[in-house]
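Worksheet: one structure, shown below.
The values are calculated or read from the model by the stated rules, or taken from the named source; none is laboratory data. In this text the structure is predicted, and so the values were computed from the model without any measurement. Virtual Cβ from ideal backbone geometry, glycine too; neighbours counted across all protein chains shown.
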Amino acid sequence: MKKYWIIARGIMEETMTYRLSFIMWRFRGVLQFLVLYYLWLALLPGNQTLFGYSQSRILTYVFASTLMSAIIFSTRVAELGETINKGDLSNDLLRPANYLLMWAARDVGDKLMNIMFSIGEFTILFIILRPPFFFQSNPFFLAATVITIAIATILFFFINMLLGCIGFWSNETWAPRFIFTILLQFFSGGLFPLDILPKPLFAFFSATPFPYLLYIPLKIYLGQLSFFEIGKSFFIASAWMIGVYLLLKIVWNKGMKLYTAQGR
Amino acid sequence: MPAITVSHLSKYYKIYQKEPGMLGSLKSLFNRKYQTSKAVDDISFSIEEGELIGFIGPNGAGKTTTLKCLSGLLYPTYGEVSVLGFTPHKRKHAYLKQIALVMGQKNQLWWDLPAMDSFLLNKEIYQIQDKQFKKTLDELSYLLAVKEFLHVQVRKLSLGQRMKCELIAALIHSPKVLFLDEPTIGLDVVMQQNLREFIKEYNQKFNATILLTSHYMEDVKQLCERVIIIDHGKILFDGKLADIVKEYAGHKLLTASFEKKIDKESLRAFGKIEEYEPLRVVLSIPRDKSSDIAAKLLDKFPVEDLNIEEPKIEDIIRDVFQKNKL
């Protein structure tokens, strides 16, 4: 396992050599958070509720969603398509190591950097803004939150790998990824809680993987899902995780037969 | 048992063709034409353990594709490949641990970190013991004289320094089979020579099987006894370098210096004039008649000095490729 840790550590060191880019990236996240925070603060005065959310719950939602995004969505797999196109995947293929674990290790490195920084940023923001934050104390909800975050992280990783595999067939891997990012931002619940959508639309999205990436873990943290609903989400999210993994296996093996190790 | 056996290997690529210009790009959105390119077309050869073989051919001849098939990066379209008893494209870890592929224009080193970090990663990936790692690293860095820049960011190294570090990264697990694709490309003459000496030493010291491609004939001349010449995906020649001369050079080069000026026209009867100055001529003459022609020349002209040589290997190979084009 040590080899994978060295890969993760290398990614962290690499991130630190591009300090300015990384700081700007973090700054962008803080700005995005502040916009959402003040938007909801303006929409929802202290003692009212909107779509069933009190001010403290919605602000907690915004805070926690930004923190969870750092864990779930920080990734290096976005580079996979380009790595395939440039022929740099050859380096991975020549190594006696598992390709999925190598990419997972890169993600872990990226996630650790982002988590460390976001914790720092949010401590500062928390002290300055002093929001009415809802702390979940029920151990059941906390444990369920951790499990759903883990499932979401793995599911997101597999989806991301699958998107990267487009590189085996096409040089244009950014267009589908761009669309995916927009869908992701919207339908994972990063901008607003999904249950404020009309019921049929919400039901439709509940069948897609998107809500399980962010919205569901957040709702569980806020203690707003019943025991039954939590069980159902575990089931659907795990089914997606296994389904996407199996698809990835098939697509990867097909792609490998087409891989030309270009660039030379 | 040979270390490498290749039988009837073919690798075809599908290439997408686009007409030039904006209109061509638009058309290609809806209707793409593909063409099959035979990068490697039915080649067979085998290599014994410890051999150092030169793989030569012009750009696009199929050299790199063959190396990629042998190292397991590509699935062959047809044919069988076996290296150390493994089927390369299955990429079994036990196989990958025994080989290395070095591409002169590609790097495996971490660009933003010192080369040492990449070596340490390979140490873990190839599961090398601490003691063995230290020993190999010491040996390699001594042979390549790189000790002082192992801890410098790779991006700050010169091309030559980087190439040396690439080699160390590729050899740190002491591979038994080594595929070198243009290892000396872009390096200055001194560095090329250093690298050649290193490759030779590695081959002898570890009895490693090495397959090397290069554009520089000098690499091949100095390192390889046996060469495989490939063009348009087919093998044109497989044998000892010295045999190329016998097989392909139907002529020799005769150089004569004269005591007084000799008319160019009067020399034409003796052979094809390659170079001419009034006091000196280089003639290309049929191999089997070389002594007759020399005797006649000595008889007819006031010859001061006469020399018969084999043509240069570079020239012979160039001729082979040109003939193949026709």
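Which numbered condition in (1) touching a helix residue (DSSP H, G or I) at 6+ places or on another chain (Cβ under 6 Å); (2) in the same structural domain as B:T184 (by TED's automatic domain parsing) is the only one that B:K11 fails?
B:K11 satisfies all of (1) touching a helix residue (DSSP H, G or I) at 6+ places or on another chain (Cβ under 6 Å); (2) in the same structural domain as B:T184 (by TED's automatic domain parsing) except (2).
For the subset of segment A:238-258 comprising residues that are within 14 Å of chain B (Cβ to nearest Cβ) and of a type in the set (A, V, I, L, M), which member is surrounded by the fewest Cβ atoms within 10 Å (Cβ to Cβ)?
Residue satisfying both the conditions and the ranking: A:L258.
If we scan segment B:103-118, do we find a residue that is of a type in the set (S, T, Y) and out of contact with any helix residue (DSSP H, G or I) (no Cβ under 8 Å at 6 or more places or on another chain)?
No, the conditions are met nowhere in segment B:103-118.
Is it true that B:A39 is outside the structural domain of B:L241 (by TED's automatic domain parsing) and touching a helix residue (DSSP H, G or I) at 6+ places or on another chain (Cβ under 9 Å)?
Yes; evaluated as a whole, the condition is true for this residue.
Considering every residue within segment B:145-153, establish whether at least one is touching a helix residue (DSSP H, G or I) at 6+ places or on another chain (Cβ under 6 Å), part of a helix (DSSP H, G or I) and surrounded by 18 or more Cβ atoms within 10 Å (Cβ to Cβ).
Yes.
State which residue is nearest to B:L178 (Cα to Cα) when the search covers only segment B:4-18 and only residues that are of a type in the set (A, V, I, L, M) and under 21 Å from the mean Cα position of the chain (by Cα).
Across segment B:4-18, the extreme among qualifying residues is B:I4.
Given the conditions (1) within 14 Å of chain B (Cβ to nearest Cβ); (2) assigned to a helix (DSSP H, G or I), report the number of the one that A:A261 does not fulfil.
(2)
If I ask for residues that are buried (at least 18 other Cβ atoms within 10 Å of the Cβ) and on the phi > 0 side of the Ramachandran plot, which ones from segment B:231-270 would you list?
Across segment B:231-270, the qualifying residue is only B:G233.
Scanning segment B:1-41 for residues that are closer than 22 Å to B:G60 by Cβ and in contact with a Leu (Cβ under 7 Å, 6 or more places away or on another chain), which turns out farthest from the other protein chains (Cβ to nearest Cβ)?
B:V40
Got at least one residue in segment B:54-77 being modelled with pLDDT under 85 and either outside the structural domain of B:R196 (by TED's automatic domain parsing) or hydroxyl-bearing (S, T, Y) (or both)?
So far as segment B:54-77 goes, no, none of its residues is modelled with pLDDT under 85 and either outside the structural domain of B:R196 (by TED's automatic domain parsing) or hydroxyl-bearing (S, T, Y) (or both).
Among the residues of segment B:113-132, is any among the aromatic types (F, W, Y), in contact with a Lys or Arg (Cβ under 6 Å, 6 or more places away or on another chain) and over 21 Å from B:T209 (Cα atoms)?
The answer is no; no qualifying residue exists.
May I ask you to list the residues in segment A:9-31 that are touching a Ser or Thr at 6+ places or on another chain (Cβ under 9 Å) and among the basic types (K, R)?
A:R26
Is there any pair with a first residue in segment A:70-87 that is closer than 19 Å to A:E172 by Cα and a second that is in a loop (DSSP other than H, G, I, E, B) whose Cβ atoms are under 6 Å apart and which are 6 or more apart or on different chains, and what are they?
Listed by first residue and then by second, the contacts come to A:G81/A:T173; A:N85/A:N171; A:K86/A:G263; A:G87/A:A261; A:G87/A:Q262; A:G87/A:G263.
Output the number of the condition that B:L150 fails; it satisfies all remaining conditions of (1) touching a Phe, Trp or Tyr at 6+ places or on another chain (Cβ under 6 Å); (2) in contact (Cβ under 8 Å) with a residue 24 or more places away in the chain.
(1)
Condition first: free of Cβ contacts under 8 Å to residues at least 24 places away in the same chain and basic (K, R). Now tell me which residues in segment A:17-66 satisfy that.
Across segment A:17-66, the qualifying residues are A:R19, A:R28.
Checking the conditions here, which among B:L187, B:L212 is closer than 27 Å to B:S7 by Cα and surrounded by 19 or more Cβ atoms within 10 Å (Cβ to Cβ)?
B:L212
Every residue in segment A:214-236 that is farther than 14 Å from A:A64 by Cβ and assigned to a helix (DSSP H, G or I), please.
Result: A:F227, A:F228, A:E229, A:I230, A:G231, A:K232, A:S233, A:F234, A:F235, A:I236.
Just name the residue that is farthest from the other protein chains (Cβ to nearest Cβ) out of those in segment B:94-103 that are under 19 Å from the mean Cα position of the chain (by Cα) and at pLDDT 90 or above.
Among those residues, the one meeting the criterion is B:V102.
Any idea how many residues of segment A:192-237 are surrounded by fewer than 16 Cβ atoms within 10 Å (Cβ to Cβ) and in contact (Cβ under 8 Å) with a residue 24 or more places away in the chain?
Number satisfying all stated conditions: 2.
Check B:K147, B:K176, B:K134, B:K106 and return the single one that is closer than 27 Å to B:E48 by Cα and either away from every other protein chain (no Cβ under 14 Å) or within 28 Å of the chain's Cα centre (by Cα) (or both).
Checking each option against the conditions leaves just B:K176.
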